[in-house]
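Enquirer: Dropping a structure here in structure tokens format, bear with me for questions.
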Amino acid sequence: MGSIVLPHLRTGWHVDQAILSEEERLVVVRFGRAHDPTCLAQDEVLYKIAEVVRNFAVIYLCDIDEVPDFTTMYELYDPMTIMFFFRNKHMMIDLGTGNNNKLNFLLEDKQELVDIIETIYKGAKKGRGLVVSPKDYSTRYRY
């Protein structure tokens, strides 16, 4: 349901406009493939929290097969990636996983995802480019 209802960015221009045009809210973009099970599960969680975070964040979906423009620029090689932007600036988050540029694993807990988005938004409003996640995910997956 989430991947149907949430707004899709169909071209590179639409992605750029979504990032450029939002002045007061955090832009959350889920890059991935619409048919991937991980993306579908994450889209469902994003759909459920979209109403909760609507005052400080806007959520978009972008299919990397449909819009390959950002694959090399943002190193989008995982099945599902969530990136955050504020006032045309890429926001980084330290999740404890070593990759501060993006969230590239499935977060099924709605409240955890709301907390992460809220933390990034608060840090962005203070002018920070890198924020620390409210929870350490370093032991969640063993690489």
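Enquirer: Where does each of 110, 126 land when they are ranked from fewest to most other beta-carbon atoms within 10 angstrom? Before the final figure, lay out the partial values.
Expert: Details: 110 14, 126 8.
Starting with the residue having the fewest Cβ neighbours, the order is 126, 110.
Enquirer: What is the total of Lys pairs in the chain with C-alpha atoms under 22 Å apart, excluding same-chain pairs fewer than 8 positions apart?
Expert: For the chain, the number of qualifying lysine pairs is 18.
Enquirer: Efficiency by 1/(1 + (r/R0)^6): what FRET value for residue 138 and residue 74, r their Cβ-Cβ distance, R0 = 22 Å, to the nearest 0.05?
Expert: Rounded to the nearest 0.05, the efficiency is 0.50.
Enquirer: Can you sort 138, 133, 3 from fewest to most other Cβ atoms within 10 Å of each residue's own Cβ? Let's see the in-between values first.
Expert: Details: 138 12, 133 18, 3 21.
In order of increasing Cβ crowding within 10 Å: 138, 133, 3.
Enquirer: Now a separate question. If you take the beta carbon distance between residue 100 and residue 125 as r and set R0 to 30 Å, what does 1/(1 + (r/R0)^6) give as a FRET efficiency, to the nearest 0.05?
Expert: 0.95
Enquirer: Using only alpha carbon pairs under 8 Å that are at least six residues apart, calculate the relative contact order of the chain and give it in whole percent. Spell out each step's value before the answer.
Expert: On the way: 243 pairs, mean separation 39.2, N = 143.
It rounds to 27 percent for the chain.
Enquirer: What does the convex hull of the alpha-carbon atoms of segment 2-132 project to on average, in nm²?
Expert: Spelled out: convex hull of the Cα atoms, projected over all directions, averaged, 7.0 nm².
Enquirer: Also: Okay, helix-only estimate at 222 nm for the chain: each DSSP H run of n ≥ 4 adds -39500 (n - 2.57), divide by all residues, round to 500 deg cm²/dmol; what do you get?
Expert: Helices in the chain give a 222 nm mean residue ellipticity of -9500 deg cm²/dmol.
Every number here is computed from the coordinates shown, using simple stated rules; none is lab data. Computed from a predicted model, the values in this text were never measured in an experiment. No Cβ is skipped: glycine too gets one built from the backbone with ideal geometry, and neighbour counts run over all protein chains shown.
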